[in-house]
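Structure first, commentary second.
The values are calculated or read from the model by the stated rules, or taken from the named source; none is laboratory data. Everything numeric here is computed off the predicted structure, so don't read it as measured data. Glycine also receives a Cβ, built like all others from the backbone with ideal geometry; neighbour counts cover every protein chain displayed. Each accessible area value is taken on the protein alone, full model and side chains, heavy atoms only, with ligands, DNA and RNA left out. Shrake-Rupley method; radii C 1.70, N 1.55, O 1.52, S 1.80 Å.
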Amino acid sequence: MSQNRCPVCNSPFAGRADKKYCSDQCRYLANNKNKLQTERPIIELNRALRKNRSILRKLCPAGRAIVRKEVMKAMGYDETIFTSIFVTSKKQIYYICYDYAFTPTFEHNVAKAVIVSKQVYMNFWDPWKYVRKDV
């Protein structure tokens with residue numbers, strides 16, 4: 001058996017020729033470090049989505065609410081991050097964040113959002129419905 005050095009803690013160890021780490025702890029540390037580097041964008045996006053959902057839930061405890069855009073922004077809502085969209089038959093767009101959705105609107109020149117709990121029918125949306133077929 002040859003003597004190898006652990007890439008994590010640099011300690012010498014003996015074992016099989018294909019063994020890379022001296023212990024399970026060093027192997028876990030190395031694998032977690034690699035995973036964290038490759039999945040950091042996903043982790044940050046999920047954190048932002050959870051924050052948006054939390055804000056919508058706080059603003060809409062009864063299943064439907066109308067709030068000013070400034071209130072959402074002051075709470076830290078990022079309207080560019082959502083899980084899906086839904087377009088109604090009247091071409092009204094709902095931006096869905098997990099189990100809540102909102103649609104932007106104006107009342108007396110004031111930007112507001114109509115927030116609702118996600119409805120079952122919002123799960124059956126066809127994004128190709130509004131695309132021209134001759135293109």
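Would you mind counting up the charge near Ile43? Only other residues with Cβ under 15 Å from its Cβ, with Lys and Arg at +1 and Asp and Glu at -1.
Spelling it out: positives minus negatives among the neighbours equals +4.
Applying a 10 Å radius around every beta-carbon, put 36-48, 89-101, 56-68, 5-17 in order of their mean neighbour count, most first.
89-101, 56-68, 5-17, 36-48
Ignoring any ligand, DNA or RNA, what whole percent of the accessible area of the chain comes from carbon and sulfur when the probe is 1.4 angstrom?
Summing carbon and sulfur atoms, their accessible area is 53 percent of the total for the chain.
Add -39500 (n - 2.57) for each DSSP H run of 4 or more in the chain, then divide by its residues: what number comes out at 222 nm, to the nearest 500 deg cm²/dmol?
Value at 222 nm, helices only, nearest 500: -11000 deg cm²/dmol.
For Cα Rg over 2.2 N^0.38 Å, one of (i) 1.28; (ii) 1.73; (iii) 1.06 was computed from the structure I shared and the rest are decoys. Which label?
Answer by label: (ii).
Any idea what the relative contact order of the chain is, in percent, if you count C-alpha pairs under 8 Å spaced at least 6 apart?
It rounds to 17 percent for the chain.
Can you work out the accessible area per residue across the chain, with the rest of the protein chains kept in place, probe 1.4 Å, in square angstrom?
74 Å²
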